[in-house]
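See structure below.
The values are calculated or read from the model by the stated rules, or taken from the named source; none is laboratory data. Just so it is clear, the structure is predicted and the values come from calculations on it, not from any experiment. Virtual Cβ from ideal backbone geometry, glycine too; neighbours counted across all protein chains shown. To get the accessible areas, we keep the full protein, side chains included, count just its heavy atoms, and leave off ligands, DNA and RNA. Shrake-Rupley method; radii C 1.70, N 1.55, O 1.52, S 1.80 Å.
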There are 2 protein chains.
Amino acid sequence: MYRKITTEWKGGMTFESDDPGGKTVIMDTEVEGTDERFGISPKAAMLSALASCSGLDVVSVLEKMKVSDYEFKMDVEGELTQEHPKYFHKVKIDYHFFGQNLNEKKIKKAIDLSVEKYCGVMEMFRQFAEVNIEIHYHNQ
Amino acid sequence: MYRKITTEWKGGMTFESDDPGGKTVIMDTEVEGTDERFGISPKAAMLSALASCSGLDVVSVLEKMKVSDYEFKMDVEGELTQEHPKYFHKVKIDYHFFGQNLNEKKIKKAIDLSVEKYCGVMEMFRQFAEVNIEIHYHNQ
């Protein structure tokens, strides 16, 4: 199975990529002397891809388990190496669930399945980073 | 140096991540029975991050080398493994330059610097994938 994208330089420090699903994404970087940004940072996009990939697994599995009525967010922090090429050598994912009477057992099971079996982006991250996760249940 | 993002589940199969630069990005996946997409795929976003990271290096280096008057795009194709967790085990990046009297030597030097020294996302990819590159000069 293949994925293919095209990334076009739009001038300055701005790049636009298409996506097989039809949307586009703009990526750029900080430019000295200006705060203006047109897109997201490639390295931060890697962390967003990691969270979204795992999050998609988790909500899919919970749907199959008939678990609903919860809110869910993830914080992802990556530590970059000091020397070029700078890559993430440590990554921490905090899964936060909010709701009444959260089914902690099923939520943990869904996250375990993503981490251990399904999430391809996490498998990629594990090849270059120490990945740690923590689950937080916010019963309201 | 740390990068931190927060990814929030927006319902359905849709996730929104913030970015240290202030923009946001929506990621989702194909849902059976509908063509509607709200965002980009996490795995394709990994390829976009790879292209944009390297592209940023290349235009920065070419700017320092006083090379301008060119257009530039990249095609990135990744091959996923067949078994879960599905990760990219082969990646090909095609760098395409368009212009009159392209300075092929300096363009190649800029790409080599990105590939071998600066691009952190490419260093991450090399830990899980065989990465191949090719440069195409379209003198017009």
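Summary for A:GLU79: label point 7 Å along Cα→Cβ; distances to the equivalent points in the other copies, ascending, 3.6 nm. For B:LYS92, the lysines whose Cα falls under 20 Å of its own Cα, not counting residues fewer than eight places away in the same chain, are A:LYS4, A:LYS43, B:LYS43, B:LYS73, B:LYS108, B:LYS109, B:LYS117.
Equivalent ellipsoid of the protein assembly as shown: semi-axes from √(5λ) of the C-alpha gyration tensor, largest first, are 35, 18, 17 Å.
Each copy carries a label point for B:GLU63 at 7 Å from Cα along the beta-carbon vector; from one copy to the others these points are 4.2 nm apart, nearest first.
Going by average Cβ neighbours within 10 Å, how do the peptides B:75-87, A:62-74 rank, with the highest at the top?
Values: B:75-87: 17.1, A:62-74: 15.3.
Going from most to least packed, we get B:75-87, A:62-74.
Ranked from shortest, the separations from the 7 Å Cα-to-Cβ label point of A:THR34 to its equivalents in the other copies are 3.7 nm. Straight-distance candidates among the aspartates and glutamates for linking to B:LYS90, with alpha-carbon spacing under 12 Å and chain neighbours fewer than 8 residues away dropped: B:GLU77, B:GLU79, B:GLU130.
Distance between the 7 Å Cα→Cβ label points at B:MET65 and A:THR24: 2.7 nm. Using a 10 Å cut-off around each Cβ of peptide A:120-133, what is the average number of partner chain Cβ atoms that fall inside? Across A:120-133, the average partner-chain Cβ count within 10 Å equals 5.
Between A:ASN139 and A:GLU36, the distance separating the two model label sites (each 7 Å from Cα on the Cα→Cβ line) works out to 5.2 nm.
On a full-extension model of 0.36 nm per residue, what is the gain between B:GLU79 and B:LYS109, subtracting their alpha-carbon distance, rounded to one decimal in nm? Each step should come with its number before you reach the end.
On the way: separation 30, 0.36 × 30 = 10.80 nm, distance 2.73 nm.
Taking 0.36 nm per residue and subtracting the Cα distance, the gain is 8.1 nm.
When chain B is turned onto chain A, the axis of that turn runs closest to one Cβ of chain B, and that residue with its distance in whole Å is B:GLN127, 2. Between 0 and 90 degrees, the angle of helix B:104-113 with respect to the longest Cα principal axis of chain B falls at about 40 degrees. Compute the signed sum of charges (Lys and Arg +1, Asp and Glu -1) over the other residues within less than 13 Å, Cβ to Cβ, of A:GLN140. Its environment carries a net charge of -2. A simple spin-label model places the labels of B:PHE98 and A:GLU130 4.7 nm from each other, with each point 7 Å out along Cα-to-Cβ.
Counting Lys and Arg as +1 and Asp and Glu as -1 over every other residue whose Cβ lies under 15 Å from the Cβ of A:GLU36, the net charge comes to -2. Inter-part distance, segment B:1-80 to segment A:75-102, computed on C-alpha centroids, equals 18 Å.
Shown for the protein assembly as shown: the carbon plus sulfur share of the solvent-accessible area, taken with all protein chains present and a 1.4 angstrom probe, equals 43%.
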